[in-house]
Amino acid sequence: MPSIGIFDSGYGGLTIFKAIKAAMPQYNYIYLGDNARAPYGNLSYQTVYEYTWQCVRWLLDQGCELVILACNTASAKALRSIQQRNLTGPYAAKRVLGVIRPTAEVIGNYSQSKHIAILGTNGTVQSGSYLIEIEHFYPELNVYQHACPLWVPLIENNDLYSEESINIIKKDVLEVLRQDEQIDTLLLACTHYPLIKDIIQQFVPKHVNIVGQDMLVTDSLKDYLLRHPEIANKIAQQGQILFYTTGDSKDFEAHTAMFFGKDIDALHVAL
Ligand code: DGL
C-alpha cells in the first residue's frame, strides 16, 4: 500500500510520529526503527548513511512514497547523500525528508534575544548541520551547541529519575546555558529528548523556551503535502499503521507506550 514511511534509529522517532498521526490520521504509515543497530549518535558518516539508506530503501520497497527521517543524527549524516545518490531509477519519484531543515526554518521565531542553543547527539552536533541550516534562514542568530551523549541511553533504559541520571541531565543543561547568559531558547534536537523535558525544565530559568520538534516537523509535513499533491494523492488514506523494528519486536512493544503514548503491535524485520 502506498504509505508515508517514518524512520528512526530506534524509538525516538515515535515522538514525532505521534504528532504526525494526530494531525493527519487519514494516511497509511509504516514506522521502522533500526533498534538492532541503535544508537546512531556516535557512528561515522559512512555507517549512518549505510544503515539509514538500507532502512529507507526497505520502506520505499514496501510502497512508501515519502519517507521522513525522524532522527536528527540520520538527517545530519545521511539525508543529503540519499537525496543526491539514491533517489534515481525506481526511486526517482520518491521523496525523503529530514527533521533539521523544517526546524531551522522556524527556530529563529522562538527567540527574542536571538541567542539560542541546540542540544543533540555527538553526531548531530559534530556535523554542524544545524549551524549551516540556521545560518541560511536566520543569519543574525547566535547559535550554541552542546552534545549530550548520555541522554539517549538513559532514556532508552528508562533510568530517568535516579539521582545519577538527574545529575547528568543537570550538568549538561547548566553547561549549555553557561555558554551565554542571553540564551532564551533551547532546541531539543534529538527525538528522544522531549521525554525528559520535565527534568530539563527544572534547571532552566522560566524565560527560556524549550522547543521540541514534533509539531515543527508535523506542520512542515502538512505544508509539504499541500504543496505536493502529486505525492499526497498517491498515499493510501485508510489510516493503517504498521510498526517494524530490526530489533526484538517484544522489546519494541514494551518501550512504545513511553514514546508513542499507547501500546502497539510490532513486527521484526531482518535487514
Ligand atoms: N533519534 C536520534 C536523534 O534524533 C537519537 C538516537 C540515536 O543516537 O540513535 O538524533
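Which residue pairs have Cβ atoms under 9 Å apart, sit 6 or more places apart or on different chains, and have a first residue in segment 56-73 that is of a type in the set (Asp, Glu) and a second that is within 16 Å of the ligand (Cβ to nearest atom) and open to solvent by less than 10 Å² (accessible area, probe 1.4 Å)?
Pairs found: GLU65/GLY5.
Considering SER113, SER81, SER75, SER44, which residue is surrounded by fewer than 18 Cβ atoms within 10 Å (Cβ to Cβ) and in contact with a strand residue (DSSP E or B) (Cβ under 9 Å, 6 or more places away or on another chain)?
Details: SER81 fails: in contact with a strand residue (DSSP E or B) (Cβ under 9 Å, 6 or more places away or on another chain); SER75 fails: surrounded by fewer than 18 Cβ atoms within 10 Å (Cβ to Cβ); SER44 fails: in contact with a strand residue (DSSP E or B) (Cβ under 9 Å, 6 or more places away or on another chain).
Result of the check over SER113, SER81, SER75, SER44: SER113.
Tally the residues that are among the hydrophobic types (A, V, I, L, M, F, W, C), assigned to a helix (DSSP H, G or I) and touching a strand residue (DSSP E or B) at 6+ places or on another chain (Cβ under 8 Å), restricting the search to segment 127-145.
In the first step, residues of segment 127-145 are kept if they are among the hydrophobic types (A, V, I, L, M, F, W, C); the result is 131-132, 134, 137, 141, 143.
Subsequent filtering for residues that are assigned to a helix (DSSP H, G or I) retains 131-132, 134, 137.
Within this subset, residues satisfying the condition of being touching a strand residue (DSSP E or B) at 6+ places or on another chain (Cβ under 8 Å) are 131, 134.
Of the residues in segment 127-145, 2 are among the hydrophobic types (A, V, I, L, M, F, W, C), assigned to a helix (DSSP H, G or I) and touching a strand residue (DSSP E or B) at 6+ places or on another chain (Cβ under 8 Å).
Whether any residue in segment 193-211 is touching a Cys at 6+ places or on another chain (Cβ under 8 Å) and of a type in the set (Val, Ile, Thr) is what I want to check.
The initial filter retains those residues of segment 193-211 that are touching a Cys at 6+ places or on another chain (Cβ under 8 Å), namely 193.
Filter once more, keeping what is of a type in the set (Val, Ile, Thr): none.
No; the residues of segment 193-211 include none that is touching a Cys at 6+ places or on another chain (Cβ under 8 Å) and of a type in the set (Val, Ile, Thr).
Can you work out which of the residues in segment 104-126 that are small (Gly, Ala, Ser) and in a strand (DSSP E or B) is farthest from the ligand (Cβ to nearest atom)?
Narrowing segment 104-126 to residues small (Gly, Ala, Ser): 104, 108, 111, 113, 117, 120, 123.
Cutting the leftovers down to in a strand (DSSP E or B) gives us 117, 120.
Working: ALA117: 16, GLY120: 6 Å.
In this case the residue turns out to be ALA117.
Could you please let me know if GLU50 is at pLDDT 95 or above, more than 15 Å from the chain's Cα centre (by Cα) and either away from the ligand (no atom under 15 Å from the Cβ) or surrounded by 22 or more Cβ atoms within 10 Å (Cβ to Cβ) (or both)? Please lay out each step first, then the result.
Numbers: at pLDDT 95 or above: yes; more than 15 Å from the chain's Cα centre (by Cα): yes; either away from the ligand (no atom under 15 Å from the Cβ) or surrounded by 22 or more Cβ atoms within 10 Å (Cβ to Cβ) (or both): no.
No, not satisfied.
Suppose we filter GLU163, GLU156 for residues that are charged (D, E, K, R), modelled with pLDDT under 95 and within 14 Å of the ligand (Cβ to nearest atom); which single one remains?
On the way: GLU163 fails: within 14 Å of the ligand (Cβ to nearest atom).
From the options GLU163, GLU156, the qualifying one is GLU156.
Return the residues of segment 79-131 that are touching a Gly at 6+ places or on another chain (Cβ under 7 Å) and closer than 25 Å to LYS222 by Cα; say none if nothing qualifies. Before the answer, list the steps.
Initial filter on segment 79-131 (touching a Gly at 6+ places or on another chain (Cβ under 7 Å)): 79, 121-123.
Listed by number, the list holds a single entry, LEU79.
Quick test of your reading of the structure: ASN28 fulfils all but one of (1) away from the ligand (no atom under 16 Å from the Cβ); (2) within 17 Å of LYS262 (Cβ to Cβ); (3) surrounded by 17 or more Cβ atoms within 10 Å (Cβ to Cβ). Name the failing condition by number.
For ASN28, the exception is condition (2).
The values are calculated or read from the model by the stated rules, or taken from the named source; none is laboratory data. Just so it is clear, the structure is predicted and the values come from calculations on it, not from any experiment. With ideal geometry, Cβ positions are generated from the backbone for all residues, glycine too; neighbour counts draw on all protein chains shown. Accessible surface areas use protein heavy atoms only, side chains included; no ligands, DNA or RNA. Shrake-Rupley method; radii C 1.70, N 1.55, O 1.52, S 1.80 Å.
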